1. Within segment 66-87, identify whether any single residue is part of a helix (DSSP H, G or I), closer than 18 Å to residue 127 by Cα and modelled with pLDDT of 65 or more, and answer yes or no.
2. Say we look at segment 115-152 and pick out the residues that are within 20 Å of residue 66 (Cβ to Cβ) and in contact (Cβ under 8 Å) with a residue 40 or more places away in the chain; which of these is surrounded by the most Cβ atoms within 10 Å (Cβ to Cβ)?
3. Among 115, 108, which is over 15 Å from residue 58 (Cβ atoms) and modelled with pLDDT of 90 or more?
């Protein structure tokens, strides 16, 4: 009986070691590419050029859409043990989706100021894709408010025409 317990404990310790000992890499976002994304976000916050703002927003949005999937984590275990091991969560120091949403809102606002309403609408619509996720409610509410202002200003402009 003691041998069975010892074997079971040894097996559990080795499985725990496998689970915590392997580094997780999420969707090719390593430190170098993350620093590139951070640089893009910083550029988005500093620039006033609408084309560069739009490009930064698109870059961040594409990066935010890549995420850790079940297929990227592989741990070689017998079938009976696999059901007890869960996929580890990808953890970053900042949220790339939040960076993308903030940049898109800033770029959209700059496009409105420059009179490029179609560009602004596209940027605000991209933020609405985060809508079902509650952690991005602030950004989606901002995008909805800005879109509604655009729609009412377009209506006011068309109503004011002779």
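The values are calculated or read from the model by the stated rules, or taken from the named source; none is laboratory data. The structure presented is a predicted model; accordingly, all values stated were derived computationally and were not measured. Glycine also receives a Cβ, built like all others from the backbone with ideal geometry; neighbour counts cover every protein chain displayed.
1. Applying the first criterion (part of a helix (DSSP H, G or I)) to segment 66-87 yields 70-72, 79-82.
Now narrow it down to the ones that are closer than 18 Å to residue 127 by Cα: none.
Among the residues of segment 66-87, not one is part of a helix (DSSP H, G or I), closer than 18 Å to residue 127 by Cα and modelled with pLDDT of 65 or more, which makes the answer no.
2. 123
3. Details: 108 fails: over 15 Å from residue 58 (Cβ atoms).
Exactly one residue qualifies, and that residue is 115.
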